[in-house]
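Since the structure comes first, as structure tokens, the remarks are kept for the end.
The values are calculated or read from the model by the stated rules, or taken from the named source; none is laboratory data. If you're wondering where the values come from, they're calculated on a predicted model, not measured in any experiment. Using ideal geometry, Cβ is built from the backbone for each residue, glycine included, and neighbour counts are taken over all protein chains shown. Ligands, DNA and RNA are excluded from the accessible area calculation, which covers all protein heavy atoms including side chains. Shrake-Rupley method; radii C 1.70, N 1.55, O 1.52, S 1.80 Å.
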Amino acid sequence: MRKVQAAAALSAVAIVAVAAASGAAAQGPVKVHGKVAVFATPINTTDSKGKTTTTGVQVTGKVKSQGTCLAGRKIEFTELTPAGSFVQTLTAVTTRNGSFTATLPFVSTGLTSKANGTAVTLSATALQVTRRDKDSGEKVKCLEASGINDFTAAV
């Protein structure tokens, strides 16, 4: 009888150990959240008749996250106007401290002169990446982070 009880106890300990090991392995890399602070300033030009038109957008910003998730993040931009949303073809890459700058062309498609002074929203998204933390050696998943800012366009 004691042999049966000992075998049952050993089996229970083995099952708990296997469950704990598989639970720890299934957890995966640490997930790190963040956000993007973005500031958009229109670049306006004046033609020979004195009409002001927005031709581009100067963008500066910073990814706010854990240190492992700051450098080398690819930033994509989307312009949201009353005429629709337009994904920019230009991207930016963050520096070591998470900051970035970019000069984007302004997409005035669908906007008429009646829309002069329209608020345009610029969205900046830092794409998801997986890295290894230098201090702990642990695998880290830097989740997608985004931020928005408005500016006034001259059409």
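Is it the case that the range 91-112 has a residue that's under 16 Å from LYS31 (Cα atoms) and either hydroxyl-bearing (Ser, Thr, Tyr) or within 15 Å of the chain's Cα centre (by Cα) (or both)? Break it down into steps so the answer makes sense when it comes.
Of the residues in the range 91-112, the ones under 16 Å from LYS31 (Cα atoms) are none.
Within the range 91-112, not a single residue is under 16 Å from LYS31 (Cα atoms) and either hydroxyl-bearing (Ser, Thr, Tyr) or within 15 Å of the chain's Cα centre (by Cα) (or both).
Would you confirm, using the coordinates I've provided, whether GLY34 is under 16 Å from ASP150 (Cβ atoms) and within 17 Å of the chain's Cα centre (by Cα)? Spell out how you get there, then give the answer.
Working: under 16 Å from ASP150 (Cβ atoms): no; within 17 Å of the chain's Cα centre (by Cα): yes.
Criteria not met by GLY34.
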Strands (runs of 3 or more DSSP E) (entirely within the range 45-150) containing at least 2 residues that are without any contact (Cβ under 8 Å) to a residue 24 or more places away in the chain and surrounded by 13 or more Cβ atoms within 10 Å (Cβ to Cβ): 84-93
Would you mind stating whether PHE39 is in contact with a Lys or Arg (Cβ under 9 Å, 6 or more places away or on another chain) and either open to solvent by less than 70 Å² (accessible area, probe 1.4 Å) or hydrophobic (A, V, I, L, M, F, W, C) (or both)? no
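Scan GLU144, GLU138 and give me the residue that is charged (D, E, K, R) and within 15 Å of the chain's Cα centre (by Cα). Steps first, please.
Values: GLU138 fails: within 15 Å of the chain's Cα centre (by Cα).
Just a single option satisfies the conditions, and that option is GLU144.
Would you confirm whether any residue within the range 11-27 is within 30 Å of ARG96 (Cα to Cα), open to solvent by less than 60 Å² (accessible area, probe 1.4 Å) and at pLDDT 55 or above?
Just the residues of the range 11-27 that are within 30 Å of ARG96 (Cα to Cα), to begin with: 27.
The next check asks that each one be open to solvent by less than 60 Å² (accessible area, probe 1.4 Å); those that pass are none.
Among the residues of the range 11-27, not one is within 30 Å of ARG96 (Cα to Cα), open to solvent by less than 60 Å² (accessible area, probe 1.4 Å) and at pLDDT 55 or above, which makes the answer no.
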